[in-house]
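The values are calculated or read from the model by the stated rules, or taken from the named source; none is laboratory data. Note that the coordinates shown come from a computational prediction; the quantities given were computed from them, not determined experimentally. Please note: Cβ atoms are built from the backbone with ideal geometry, for glycine as well, and neighbour counts cover all protein chains shown. Quick note on the areas: whole protein, heavy atoms, side chains included, nothing else; ligands and nucleic acids left out. Shrake-Rupley method; radii C 1.70, N 1.55, O 1.52, S 1.80 Å.
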Amino acid sequence: MAHIGSQSAYQRLTERLNRFPQGAPPTELLSKILKVLFDQREAELVSLLPIRPFTVKRAAGVWRMSESKAHKILDGLAEKALLVDFLVDGDMHYVLPPPMAGFFEFSMMRIRKDIDQKLLAELFYQYLNVEEDFVRELFTEGQTQLGRAFVHEPALSEENALHILDYERASEVIQSATHRGISMCYCRHKMKHVDKACTAPMDICMTFNTSAESLIRHGHARAVGISECLELLARARENNLVQFGENVRQGVNFICNCCGCCCEAMIAARRFAVMHPIHTTNFLPRVDQTTCNGCGGCVTLCPVAAMTLDSANDPRHPKRKVARVDPNRCLGCGVCIRACTRTGSLYLEYRTQRVLTPLNSVHRAVVMAVERGKLQNLLLDNHILWYHRALAAVLGVILRLPPVARAMATDQVKSRYLEALALRFS
C-alpha cells in the first residue's frame with residue numbers, strides 16, 4: 001500500500017474531504033463522525049483516493065495492491081455507501097461523494113445495525129445544528145450553491161405553467177430519471193434520535209439516476225417506478241414539504257422533501273438568509289392586500305420565515321393585518337399558496353431576474369471550485385482529470401465562464417495551457 005505519513009488516517013481523510021468545492025472544515029466533531037463511519041484502514045485508503053471518479057485500476061495503483069484486492073475493498077466501501085459505484089461503458093467506476101449531499105445522508109437513509117446510528121445522529125446534530133462552521137461553508141461560500149428549491153407545481157397559474165421549464169419541475173425530474181430510489185429522510189431520522197423530529201413522512205427521500213442505481217443495488221434505497229414516485233411527491237406536497245434538489249439542469253441526483261424544523265437546508269436558509277444559501281425558484285409569491293384577510297396561514301407554513309403579518313395601514317380598520325413577503329428570504333417554493341383561505345389573495349409571479357442553474361454536476365463543481373478558490377483540487381488531484389475526456393469537460397466549463405470568473409480560474413490553476421485556451425476563446 002502507498003506510504004502513510006505521520007498524520008493520523010482521519011486527519012488525512014479530513015484534508016481530503018476539505019478539497020471538495022463544498023469543503024468540510026476540520027473539527028474534533030468531524031473526526032468523531034469519521035471514526036463512526038470509517039475504520040482506520042478504510043480511512044487510510046480513502047484518504048488517498050481522487051475526489052473525481054476513478055476505476056479499480058486507478059485505485060489499485062494508488063494503493064499499490066492487486067486489482068482483485070482493490071476491487072474487493074472498493075465494493076465493500078460501496079456496500080457501506082461510503083463510495084458510489086456506477087458503470088461507464090461496461091467498466092465500473094467509483095467516486096467518493098462529499099460529506100453533503102453524500103455519505104453523511106447515506107449513513108442515515110435506512111435503519112442499520114453495523115454502525116451506532118444514535119451516536120452518529122448526536123454527532124451530526126452537534127456538527128450541523130449547534131456548530132456553524134460546516135453549514136456556513138456548505139451553504140454560503142461563493143454565489144453558486146449545492147442545492148435549489150423546486151416550485152410547488154399545483155400553485156402555478158395556467159400562465160406560469162406555460163413558462164416554467166422542464167428542469168424546474170420535480171415531476172419532470174422523476175419522469176426523466178433512469179433510476180428512482182426512495183429512502184428514509186436523513187434529517188428527520190437524525191432528529192428522531194435526539195428527540196426533536198416532527199411528524200412529517202420519513203420514507204420520502206428521493207434519489208435519481210447513477211446515485212439511485214448504486215444505492216438501490218446496495219440496499220440503501222428502494223427502487224420505485226414513475227407512478228409511485230409521483231404519488232410520494234404528491235404526499236410530500238400534501239404535508240407542506242419543500243422540494244430541495246441538486247442545483248443542476250441535467251442528471252439531478254437527489255430531491256429532498258424538506259420540513260422547516262428538521263431539514264438542514266431550510267434551517268440554513270433561515271440562519272443565513274442574507275447570504276442566499278439556497279438557489280430560489282424563478283417565482284415569488286405576491287399578496288393581494290385588498291382581499292387578504294390576515295389569517296396567518298401562509299406565515300405558519302413558510303419554512304424559511306419569509307412571510308410575516310403586518311399592519312394593513314387601513315384607517316377604517318386599524319387592527320387589520322395583511323401578509324407580506326420578504327423577497328430576500330423567499331425561496332419561491334409556493335408552499336404558502338396552499339394555506340391561503342381567500343382564492344387569489346396569494347399567488348405566484350415570475351421573478352424579474354431569472355435564476356441561473358448550472359448545466360450538470362461538472363459545470364456546478366467547476367464554478368463552485370472557482371468561486372471558492374479550489375479549482376486546482378479538481379484539475380490536479382492525483383492527476384485524475386488529466387484523462388482527456390474528463391479534462392475536456394472541465395475545460396469546456398471554464399471556457400464558457402464569464403471573463404472575470406474565467407480569469408479567476410486561470411489564476412488558480414496557474415496553467416499557461418489553460419491561459420492560452422482562455423485567451424483563444426475570449
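Values computed for the structure shown
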read-out	value
Residue match in the stretch 265-284 (condition: hydrophobic (A, V, I, L, M, F, W, C), over 30 Å from residue 392 (Cβ atoms) and open to solvent by 70 Å² or more (accessible area, probe 1.4 Å))	yes
Residue tally, condition part of a helix (DSSP H, G or I) and not small (Gly, Ala, Ser), over the stretch 115-166	29
In the stretch 50-61, the residues that are open to solvent by less than 10 Å² (accessible area, probe 1.4 Å), in contact with a Phe, Trp or Tyr (Cβ under 8 Å, 6 or more places away or on another chain) and not aromatic (Phe, Trp, Tyr)	51, 59
Selection from the stretch 71-101 of residues that are surrounded by 22 or more Cβ atoms within 10 Å (Cβ to Cβ), small (Gly, Ala, Ser) and assigned to a helix (DSSP H, G or I)	101
Entirely in the stretch 306-383, the strands (runs of 3 or more DSSP E) that have 1 or more residues that are touching a strand residue (DSSP E or B) at 6+ places or on another chain (Cβ under 9 Å) and among the small types (Gly, Ala, Ser)	307-311, 321-325
All positions within the stretch 158-180 that are more than 16 Å from the chain's Cα centre (by Cα) and open to solvent by less than 50 Å² (accessible area, probe 1.4 Å)	160, 161, 164, 171, 174, 177, 180
Scope the stretch 232-255; condition under 23 Å from residue 302 (Cα atoms), charged (D, E, K, R) and not in a strand (DSSP E or B); matching residues	235, 237, 238
Filter pass, residue 41 being under 27 Å from residue 121 (Cα atoms) and either under 25 Å from the mean Cα position of the chain (by Cα) or crowded, with 20+ Cβ neighbours inside 10 Å (or both)	no
In the stretch 285-305, the residues that are surrounded by fewer than 22 Cβ atoms within 10 Å (Cβ to Cβ), outside any helix (DSSP H, G or I) and touching a helix residue (DSSP H, G or I) at 6+ places or on another chain (Cβ under 7 Å)	305
